[in-house]
Every structure is written in C-alpha cells, then in structure tokens.
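Every number here is computed from the coordinates shown, using simple stated rules; none is lab data. Note that the structure is a prediction, hence the values are computed from the model and not measured. Ideal geometry is used to build each Cβ from the backbone, glycine not excepted, and the neighbour counts take in all protein chains shown.
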Amino acid sequence: MPASNETRAHDFEPFRVGFLNVASYSHMPLWAPHINPRAGEKDTPFTGMRITHCWDIEYEKAQEIAATYGCTAVKNFDDMLGKVDGVISGGYYNHPWNHILHEPYLEAGLPNLINRPFANSLAKAQQMIDLAQKHGATILAPSSHEHNDAIARAKAWATDKQIVCYTATNSFDDYPTHGIHGVYMVCKAIAEAGNPVVSVAYRADSWHSPPGVITLEHVDGDGRQLYGTLHQVSGSWGTVQIHTQQAYGGENFRIHTGTGYPFDKTEIWLPTIWAFQNMALHNEMPQTFEQLLHKTNVFLAGWKSILENDGKSVKLTDVPEEWEAPAELPNHPDHDTVSLFQKKFGNGSI
C-alpha cells in the first residue's frame, strides 16, 4: 500500500545543512555536488541531507554558489540559526576564527563538521570542545585521509599489536592544508590504536613545499616508546606501513581514490560526508573530544618544531595553550581571505 503523504513527508524530509566558508580554498565543490546536485551537471545525491543555506566572508561569492546549488545565501554567519539542523564548514582560511563561527551552532546543540585544521591554538580547540560538551553538540573535524577503508583497516589491525615502528607518506604542497592530512592519518591509524603521540619533530627546507619529514614519538599502553616517520612528498595520496615483531617487512595500507564511477566518489570524498550524516542522525561522534584535541596538539607541535625549534623535537606538553600557528600561505600570495577575516573579526585570539 502506498505511504500516505504525511508518512512520506515525515520519513523523507531531508536533514537541513548550513554550509559555512563556501568560496576561498573550500571543500564546497568536493562535497556539495553529492548533497545538492547541480542543474545541468551529472551529479548524483548520495545522502539524505540538503544544503539549504550558505555563508562566506565574501557575500557576493556566497550568492553565486547559492545559485549553483539551489540554496539561500545569508549575510551573517549566524543567520542560519533556527533554519538548519547542522552545519558544515568547508574552508581553510577561516580556521583561526572557527571558535567564533561555530559558537552559536555549538551553543544550539547542533552537529558541526569543521574542516581541517580544527583550530590554530589549543585554547581555541578547547573552547569549542567545552561548548559542545556543555550544550550536547557533536563535532567532526575530519581529513579524507582518516575516513577511508584503508586507514580504518590499519587502525583495526594495529589495535591489538605491539608496534615496533612505522613509515607513512602523504601528498603535500604545504603543511597546514595538506601536510595535516598525513598527521591526522597517523593519529587515526597509530595513536587511536592505543599509541598516543608524545613529541613531534618536523624537518624541511620549507613548510610550504615538499619534501619534508615528520618524526613522531609514541608510547604504547605498556609505556613502551616507538617512533614513526611521515614523509611529506608529492604524488602520494596516503600510505602507512606498520612493523611488528610478527609482521616481518611490515603490513601495508594504501589509500585508493577509486577507479571510475561511483568509486571515484565513494572511496575518498563521500566517507567524510557519510560520517557527518551518521553523527548528525545518531549523535555518535567518530572521534572523542580527547582524540580531537590530541590530533590538534600533534599538528601544532609540528608547527612549533619547524617554526621555532629548527626541526627538533617538541613535546606535546610544551605547546602553550595560547600559542597560535599562522594561516597565511606563501604559495598562494593572491589569496586575501585572511585579511578579510581579520578586518571583520580581529586577529581571533582568545
């Protein structure tokens, strides 16, 4: 028997998404076509969500994107309150101000996808986490290098093993936009398997061009020390080779981007969106607040190593709460988004 209109409306009403930071250096074009298919394009919706509103620091660009995806642009970042069921932030340059942009949505108890980097200081990260915990909000601060089958298998394989060492690679053009993918990847595969990071050393001639190498010191559940290396190179999506006493030669895990439709969508870009939808619908975060803070601390220790310690090791406990990493990208001198945020919100310090 066909469902009634009332039942169908109840069962199939989409989850309303507000999209922040949709223009400059944003994941909007990678994620949005799989949520809101564009007119005249060969897009397929892969979710039960619908982007209904969007905001950008440049309102005119938000209007252009809204027309493309059939949503409504708002002038103020908090104008979506009461109109959406959750928010996705897709940008990069906004991350020193994420604690401002997401504050109203965290206070409203909504699910928040906050694209990497989560924050440029521990204090800002902790402020967002405290708000989420106080108001029952959830946070996903993802990398596509975490949310894929290969790295999920790596974590599962490593969880009950005593790791001797590991080597990893990730494709890289600068540390905060793409080098961070590798940092989040090894935090998922190694640290979340019971081996937290205690120090980071980042050596490179430049943090905004390859090559570079990050050495991470871990301790396992029994207090044993182990080291891993993350090579920041060009031409590699992401690989992890984990060595144990039993796995001679190491166990290999490689991220694959998928061959042909639909696997070129489902293998690398969509898992993050699905993780957000699952979190939003079931109130289950893919990572704990402690894990979010830990990987932020690892990321910032890498920054401090290369900026202030000549590539030598920096303990996570030696990263001050208020210490801030930069947001400007020397390899993108034409981008003025940071100055626009500074003009509107100040320097973002707390």
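Summary table below
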| item | result |
| --- | --- |
| Residue exposure sequence - ASP205, ASP78, ASP56, ASP318 - by fewest surrounding Cβ within 10 Å | ASP205, ASP318, ASP78, ASP56 |
| Charge dipole (the chain, unit charges on Cβ, about Cα centre) - positive-most of HIS218, ALA301, GLY249 | GLY249 |
| Positive-pole candidate from PRO37, ALA154, HIS231, dipole of the chain, charges at beta carbon | ALA154 |
| Set of lysines near LYS161 by C-alpha distance (under 22 Å), chain-local residues within fewer than 8 positions excluded | LYS188, LYS295 |
| Sum of side-chain charges, ILE180 neighbourhood, beta-carbon under 10 Å (Lys, Arg +1; Asp, Glu -1) | +1 |
| Hits among aspartates and glutamates - C-alpha to C-alpha of LYS343 under 15 Å, sequence gap 8 or more where chains match | ASP56, GLU58, GLU328 |
| Gyration tensor verdict on the stretch 5-140 (Cα atoms; rounded if a/c is under 1.5, prolate if a/b is larger than b/c, oblate otherwise) | oblate |
| Residues CYS71, CYS187, sorted so that the one with the fewest Cβ neighbours within 10 Å comes first | CYS71, CYS187 |
| For the chain, size of Cβ-based charge dipole, Lys and Arg +1, Asp and Glu -1, in debye | 400 |
| Sum of -39500 (n - 2.57) over DSSP H runs of 4+, divided by residues of the chain (222 nm, nearest 500) | -9000 deg cm²/dmol |
| Euclidean distance of C-alpha centroids, the stretch 199-223 and the stretch 54-114, integer Å | 33 |
| Degrees between helix 289-308 axis and first principal axis of the chain (Cα, 0 to 90, nearest 10) | 60 |
| C-alpha long axis of helix 270-282 to longest principal axis of the chain, angle in ° | 70 |
| Other-chain or far-sequence residues with amide H under 5 Å of ASP85's (modelled H) | ARG16, VAL17, GLY18 |
| Separation in nanometres of the label points that stand 7 Å from Cα toward Cβ, at GLU41 and HIS282 | 2.9 |
| In degrees, nearest ten, helix 149-158 long axis to first principal axis of the chain (Cα) | 40 |
| Net charge of Cβ neighbours under 12 Å - reference PRO210; Lys, Arg +1; Asp, Glu -1 | -3 |
| Lysines whose Cα lies under 20 Å from that of LYS265, excluding same-chain neighbours fewer than 8 positions away | LYS42 |
| Karplus (6.51, -1.76, 1.60) ³J(HN,Hα), θ = phi - 60°, over the stretch 44-51, in Hz, Gly and Pro reported as x | 10, x, 10, 9, x, 10, 8, 6 |
| Neighbour-count order for TYR59, TYR69, fewest beta carbons within 10 angstrom listed first | TYR59, TYR69 |
| Cβ-based net charge around ALA280, under 12 Å, with every Lys or Arg adding one and every Asp or Glu removing one | -1 |
| For the stretch 86-142: rounded, prolate or oblate by the Cα gyration tensor [a/c cutoff 1.5] | oblate |
